[in-house]
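Note sheet for the following structure.
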Amino acid sequence: MNAIFAVVFTAAAAVFLFIDPNGFLPAMLSGGEKAALLSLDLLAVYCVWLGFFKILEKSGLADKIARLFTPLAKRIFRTDDREAIYCACGNLSANMLGLPGAPTPLGIKATKRFLDTGNDRAADLLFVLNATSLQLLPTTVIALRIGAGAENAMDILLPTLLATLISTLAGVLLLKLSHAVRRKK
């Protein structure tokens, strides 16, 4: 991936230098400044939500929420492994809040537990649910829109919810179909 990025960047820089040599350096500096500001905006959002999750964890509220969703998670993932369910629920809830990087360690831990117990179906389902990522509150996209100066950054809530709901349903249906086909072989 790095090689592809390097080739694309080098080709674009060469074309830009050929077309507008005087605009190259100002464009690079402007782009770097925008990238740094965007990174700071995203860092602030991640800090707030990771702090929120840490408070939930320390207060014991995370365990209560996990217990609330345990019966549903047991049915969905078809497992009694409490730690795997806890990690999977934490992973999915963080994804639903639009934090794609934050829940990764929980997802890896849950997947490892599922695979260690031979529950490939649960690992596959967790992967699909993460890839399609149902978004109840797309905080990262909202932060990006605020950073870009959008007048109403929250107007993407309903379209995002509908699009991710459809993608999640399609992903789960395709997973069920692929498991059915594999069982028949």
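Compared with the dominant Cα axis of the chain, that is its longest principal axis, helix 157-184 is turned about 50°. Considering only the Cα atoms of the chain, their convex hull presents on average a projected area of 14.7 nm².
Bridgeable lysines around Lys185 (alpha carbons under 29 Å apart, same-chain partners fewer than 8 residues away excluded): Lys74, Lys112, Lys176. Between the C-alpha center of segment 23-67 and that of segment 1-20 there is a gap of 29 Å. Taking Leu158, Leu137, Leu129 in turn, the Gaussian network model of the chain (Cα-Cα springs below 10 Å) assigns the largest fluctuation to Leu158.
Here the gap between Glu33 and Ser59, fully extended at 0.36 nm per residue and compared with their Cα-Cα distance, gives a gain of 5.5 nm.
Using a cutoff of 8 angstrom between alpha carbon atoms and counting only pairs six or more residues apart, the relative contact order for segment 42-184 works out to 22 percent.
All of the numbers you see were taken from the coordinates with simple rules; none came from a lab. Here the structure is a predicted model, which is why all the values come from computation and not from measurement.
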